[in-house]
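Okay, structure first, notes after.
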Amino acid sequence: MRDYELIYVVKSNSEEEVKETVLNKVKDVIGTDGEVVKIDTWGNKKLAYPIQKLTEGYYVLVNFKSGVDVPKEIDRNLKINENVIRHMIVVA
């Protein structure tokens, strides 16, 4: 198992339950073959440049340990979610 770091940005005007749904989906995917080490919610922050005409985003940082298939599945899920405007997974 390797250490990974995921950061994703949700549209800041999304409802709280949408933000919780995205986080729960990420936790479910990680739970299949790994473990969540830490979740750090940064909240609303100004974006460096406008994305989809938005200037703010809701940032969440997730540190986790897993096998190599879990980051691919998280990436696939976040790409198809219309509320997530950016995400990045790196090996920590």
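Bear in mind these aren't lab numbers, they're just calculated from the coordinates by the rules spelled out. Small disclaimer: the values here were computed from a predicted structure and weren't measured. Here the Cβ is made from the backbone with ideal geometry for all residues, glycine too, and neighbour counts use every protein chain on show.
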Normalised by the number of residues in the chain, what is the relative contact order in percent for Cα pairs under 8 Å and 6+ residues apart? 49 percent
So what are the radius of gyration and Dmax for the Cα set of segment 34-84, in Å? 13.2, 36
Mind checking the dipole of the chain: about its Cα centre, +1 per Lys or Arg Cβ, -1 per Asp or Glu Cβ, Debye to the nearest 20? 360 debye
Full-extension gain between ILE39 and GLU15, please, as 0.36 nm times their residue separation minus the C-alpha to C-alpha distance. 6.7 nm
Check: C-alpha center segment 37-92 vs C-alpha center segment 1-29, spacing in Å is 6 Å
Specify the longest stretch of the chain that does not include any exposed loop site, a site being one of the GluC sites (Glu not before Pro) with a non-H, G, I, E, B DSSP assignment and at most 13 other Cβ atoms within 10 Å. 16-81
In bins 5 Å wide, starting from 0, what share of all Cα pairs of the chain does each bin hold, as a percent? 3, 14, 28, 25, 17, 9, 4, 0
Once Lys and Arg get +1 and Asp and Glu get -1 on their Cβ, which of VAL68, GLN52, VAL36 lies farthest toward the positive end of the dipole of segment 30-73? GLN52
Please tell me which of these pairs span more than 19 angstrom C-alpha to C-alpha: LYS11/LYS72; LYS45/LYS65; LYS19/LYS45; LYS25/LYS45; LYS25/LYS79; LYS11/LYS38? LYS11/LYS72; LYS45/LYS65; LYS25/LYS45; LYS11/LYS38
Roughly what angle does helix 69-80 make with the longest principal axis of the chain, taking Cα atoms, 0 to 90 degrees, to the nearest 10? 20 degrees
